[in-house]
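Notes follow the structure.
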Amino acid sequence: MAAIHEGPEFGIGDFVLLPELTLDAFMQNLKNRFEKGRIYTYIGEVVVSVNPYRQVDLYGKNYVDQYRGREIYERPPHIFALADSAYKTMKRQSKDTCIVISGESGSGKTEASKIIMRYIAAVTNVSGQREVERVKDVLILTNVILEAFGNAKTNRNDNSSRFGKYMDINFDFKGDPIGGHINNYLLEKSRVVFQQTGERNFHSFYQLLVGAPEDRLSQMGLTRDTTLYHYVNQGGDPKAAMIDDRGDYKSVVAALKNSGFDPKDIETLWNVIAAVLHLRQMHLERTLLSRVIAAGGQVVEKGLNVSEALYARDAFAKAIYNRMFTWIVGRINELIDPKHSGVRYAGKNTVIGVLDIYGFEIFDNNSFEQFCINYCNEKLQQLFIELVLKQEQEEYMKEGIEWQHMFLDAMAQKLKSERFTCRKLAPADKSLEHNRDFRIMHYAGDVTYSVVGFIDKNKDMLFMDFKRLLFNSSNNLIKSMWPEGKQLVTETTKRPTTAGTDFKNSIIALVENLASKTPFYVRCIKPNEIKSPVQFNDTRCKHQVMYLGLLENVRVRRAGFAYRMAYDRFLHRYKCIARDTWPNFRGNVVDGVKYLVNSQNCGQDVKYGRSKIFIRSPQTIFAFEEARDRKIPGIVLFLQKMVRGALARKKARQLRAMYLIMGCFKRYKMRNYILMIVERFRNVRQTRDFGKNVQWPSPPAVLQGLVDMLKKVHSRWRAHMILRKIPKEERPQWHLKVLAGDLLMRRRPEWGLKRKWEGNYLAQTRENSSTADFVSQINLLKSKDGFTKVLFSSFVRKANKHNKTAERAIVFTDKFIYKLDHKKHFKAMQKGIPFTNVTGVSITQGSDQLIVVHLSGGNDLVLCLYSHVNEERIGELVGILANLINRQYSRDLKLRVENGRIGCMLGDKSRSVIVRQMATNNGPVFRKEGSDLSLLIPSPS
């Protein structure tokens with residue numbers, strides 16, 4: 001119940017529940033809530049609103065949803081709760097309701113009425129009805145139009161309503177708006193011709209001068225210089241810091257167009273504003289300087305003196321503007337009148353009335369306008385007290401609760417004092433001037449009024465000459481505003497009623513209208529005079545609290561019972577504080593409520609109505625709240641445990657379901673994928689490449705590992721299918737050819753793929769005539785060094801570090817490399833070079849047989865293979881070396897394939913070997929070429 005307990009730092013959300021009912025306690029709670037950003041507080045179902053003087057994020061869609069359909073005490077105090085309560089009462093009970101918004105100028109009354117309008121528009125269900133949507137739009141646009149022509153900047157408020165407005169919004173039986181009607185009261189037309197220092201005329205004048213296009217102003221004979229026009233510059237600076245006149249002009253023009261005003265009428269309205277600014281057109285001269293009087297059957301023209309002419313001019317300006325404003329309101333009423341909408345609605349028509357009336361005013365100089373305004377506030381305050389008392393009485397009677405009349409007695413005593421005084425009645429009061437001032441002791445304070453101009457303002461002093469002049473206008477709109485001008489000069493007419501009489505009659509009718517409806521109240525407070533969002537002026541706010549009767553309102557609510565709540569909601573809120581009612585009470589709701597009351601020993605402080613429980617003192621409801629607060633943490637923990645358990649179980653079920661679905665889906669995808677692969681590779685056994693060129697379909701991510709394995713399986717199968725045609729004794733050399741091909745393919749065009757690789761060529765008689773010596777020497781080395789077999793042997797031409805060429809035999813075993821002197825029975829030149837010393841191999845891209853075996857130690861083997869049959873053997877040697885290093889030392893052979901020039905190290909010096917072709921009969925030979933070596937090979941024949 002946030003209205004009771006939003007948190008101790010925010011004070012009490014309902015003044016009725018203040019522990020101590022004093023003015024100081026009331027003010028302290030109001031100030032505390034304002035400083036903490038809580039601008040709304042309840043007095044029962046009355047909303048007290050403090051103007052925040054800043055934009056507050058309290059009115060978005062999320063707030064509308066929070067308060068829609070809720071009881072007023074179920075959410076923190078908010079004007080939406082009151083608007084929703086009024087709407088529900090109207091819709092559910094088919095009762096007319098009204099919302100009375102009161103407070104002094106600048107307290108936020110007009111803004112409150114707009115907030116209520118927006119809320120009602122947001123919660124009504126349009127059900128696609130275009131007419132209902134149109135009415136909503138017109139009702140909202142109405143505010144823009146009426147503010148432009150009826151509001152002005154005052155010293156207290158930049159957007160002060162200078163007229164009273166009561167709007168009835170009509171609803172059909174479904175609760176949808178179908179139209180409305182606006183009554184306006186006492187437009188402050190004197191502002192048209194006079195403004196106090198620091199104030200402005202009505203917004204419309206400045207909007208026209210600042211916002212209208214240049215060509216439009218030129219047509220009207222106006223300029224943007226507001227200082228040229230006396231009617232708009234008397235207050236001083238015509239600019240207002242918080243008002244955008246240019247943007248507002250566009251908004252008003254758009255609102256007039258969108259709400260249905262005729263374009264010609266819109267043009268006429270702005271022309272009227274321009275005419276008031278001018279009042280110097282030539283055809284007005286005669287009417288402004290004289291008046292026509294019918295006396296004794298004769299028509300006489302009487303000239304006016306300067307003061308009379310100026311008075312006539314100002315009266316004319318005020319009357320024109322007043323008639324224009326009245327016409328605007330009438331035109332709006334035509335646009336939103338349900339009878340003129342052209343749509344028939346069945347069922348009962350109910351209304352919600354919204355009253356935005358001027359606040360109580362006390363100025364240094366108070367005249368007829370302030371007298372009328374304060375009279376209106378007196379009547380509304382009296383009605384407020386009467387209706388609040390009436391509501392309380394009806395509530396108690398409906399619920400069968402006895403009503404105590406203690407408050408009425410006090411009111412009767414207070415209202416017996418005299419309220420009027422003047423200097424004649426109080427000769428000692430020198431603050432009152434003789435024959436000028438009188439004082440009325442209003443509910444809001446004493447106000448001194450001046451009688452200067454009082455009678456003239458009360459009378460309708462606009463001469464008939466002006467009315468006849470405007471009735472004869474060629475503009476139909478102007479003509480319609482002055483119907484009485486059709487009377488001839490010689491016709492005798494009844495004296496028009498005075499402004500005071502008209503106003504009194506309209507206020508009486510307003511009060512009767514409000515009294516016939518179920519009322520709801522918004523009481524607006526102005527926190528300071530400087531429009532500060534942080535300052536709370538205690539004296540000013542206390543004065544407003546006093547004259548608005550807020551403390552008396554609290555006393556009325558507390559004279560009997562401070563709090564009341566429906567039985568079911570009371571049981572629902574507090575059932576947690578007793579074991580037998582938690583979590584659910586198995587029995588009658590009233591019995592459950594009584595059990596809770598008895599459990600807290602509060603039986604003496606409550607009464608049981610027919611549908612509600614009534615609690616006399618705030619302390620009792622606080623006791624229930626404190627008991628509930630003690631239980632809430634345990635309940636929250638229990639609920640968290642249950643919710644977390646439920647969420648965990650739900651998540652577990654979801655995970656199991658998810659994994660089951662994922663498993664089924666994976667199996668489905670795998671099965672589909674395997675079937676696709678089977679289909680694609682079904683006949684690869686009969687193809688020439690055994691499926692090498694078959695495109696593998698893109699696998700699901702989860703099957704990527706499987707597909708990689710299948711590709712390897714397919715590759716091994718292809719290899720098997722290819723190799724099965726090769727005899728087993730030839731397979732080792734094919735293995736070497738594959739290794740050599742991986743290293744030399746596309747790097748050396750000829751590398752001996754097509755010939756048979758035999759490896760140990762020096763053991764063959766066709767290659768070596770001294771095979772016996774060779775075999776004998778190899779056996780000696782094998783027994784000495786312990787290698788297993790000879791992998792490759794060949795005759796070579798070798799370059800040494802002295803740049804000389806030597807003919808040698810080279811032998812590559814599985815452990816060592818040997819250089820043999822074949823001319824000395826293949827005697828080993830030195831110890832074998834371990835393969836661990838081999839760091840890499842370099843060859844050329846050509847068909848030469850040059851190979852450099854890079855060794856650690858700075859002395860590489862620079863060899864050129866040769867044989868009598870002139871075979872390509874470089875590829876075979878590369879394959880043998882790659883296979884040996886990979887298998888025996890688990891690393892790859894580092895092979896460089898150069899373009900005709902190979903780098904090497906000889907005698908710890910860096911050299912280059914350059915291959916050159918030339919005519920020679922002695923085979924390849926190394927020669928010194930500068931600091932490098934060249935290998936001369938025979939030119940191709």
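The values are calculated or read from the model by the stated rules, or taken from the named source; none is laboratory data. All figures in this text were calculated on a predicted structure; none of them were measured in a lab. Every residue, glycine as well, gets a Cβ built from its backbone with ideal geometry; the counts of neighbours run over all protein chains shown. Quick note on the areas: whole protein, heavy atoms, side chains included, nothing else; ligands and nucleic acids left out. Shrake-Rupley method; radii C 1.70, N 1.55, O 1.52, S 1.80 Å.
Compared with the alpha-carbon gap, the fully stretched path from residue 54 to residue 800 is longer by 258.8 nm at 0.36 nm per residue. Here segment 15-78 has 44 percent of its accessible surface on carbon and sulfur atoms, given a 1.4 Å probe and all protein chains in place. Working ranking of peptides 635-647, 862-874, 583-595 by packing, defined as the average number of other Cβ atoms within 10 Å per residue, highest first, is 862-874, 583-595, 635-647.
Taking only protein heavy atoms and a 1.4 Å probe, the accessible area of segment 99-228 is 52% carbon and sulfur.
What the Cα atoms of segment 659-786 give is an Rg and a Dmax of 24.0, 78 Å.
To put it simply, the accessible area of segment 730-938 at a 1.4 Å probe is 47 percent carbon and sulfur. Among the trypsin sites (Lys or Arg not before Pro) in segment 646-682, those located in a DSSP loop and surrounded by at most 16 other Cβ atoms within 10 Å of their own Cβ are 682. Most tightly packed first, judged by the mean number of other beta-carbon atoms within 10 Å of their residues, the peptides 144-151, 627-634 read 144-151, 627-634.
With r defined as the distance between the Cβ atoms of residue 595 and residue 334 and R0 fixed at 60 Å, what FRET efficiency is calculated, to the nearest 0.05? Calculated value: 0.50. Taking GluC sites (Glu not before Pro) across segment 501-606, the ones in a DSSP loop with at most 14 further Cβ atoms lying within 10 angstrom of their Cβ are 529. Residue by residue, segment 156-168 carries 3J(HN,Hα) couplings of 9, 7, 6, 9, 7, 6, 9, 7, x, 10, 10, 10, 9 Hz when phi is fed to the Karplus relation 6.51 cos²θ - 1.76 cosθ + 1.60 (θ = phi - 60°); x denotes Gly or Pro. Taking each of 782/827; 153/504; 398/594; 153/189; 91/174; 823/928 in turn, the alpha-carbon distance tops 18 angstrom for 153/504; 398/594; 823/928.
The share of alpha-carbon pairs in segment 730-938 lying farther apart than 25 Å comes to 34%. For residue 254 and residue 555, FRET efficiency with R0 = 56 Å and r from the beta-carbon atoms, rounded to 0.05? E between residue 555 and residue 254, to the nearest 0.05, is 0.70.
Segment 196-270 and segment 40-114 have Cα centres lying 33 Å from one another. Using the beta-carbon distance between residue 747 and residue 685 and R0 = 56 Å, what value does 1/(1 + (r/R0)^6) give for FRET efficiency, to the nearest 0.05? Result of the calculation: an efficiency of 0.95.
On a per residue basis, segment 744-872 carries 48 Å² of accessible surface, using protein heavy atoms and a 1.4 Å probe. Extension gain for the segment residue 480 to residue 908, taken as residue separation times 0.36 nm less the Cα-Cα distance, is 142.0 nm to one decimal. Between residue 137 and residue 901, the modelled label-to-label distance comes to 8.6 nm, taking each label 7 Å out from Cα in the direction of the beta carbon. The modelled label-to-label distance between residue 584 and residue 650, using points 7 Å beyond Cα along the C-beta direction, is 2.0 nm.
For the pair residue 814 and residue 174, the difference between a 0.36 nm per residue extended length and the Cα-Cα distance amounts to 220.1 nm.
Taking 7 Å steps out from each Cα toward its Cβ at residue 676 and residue 630 produces label points 7.0 nm apart.
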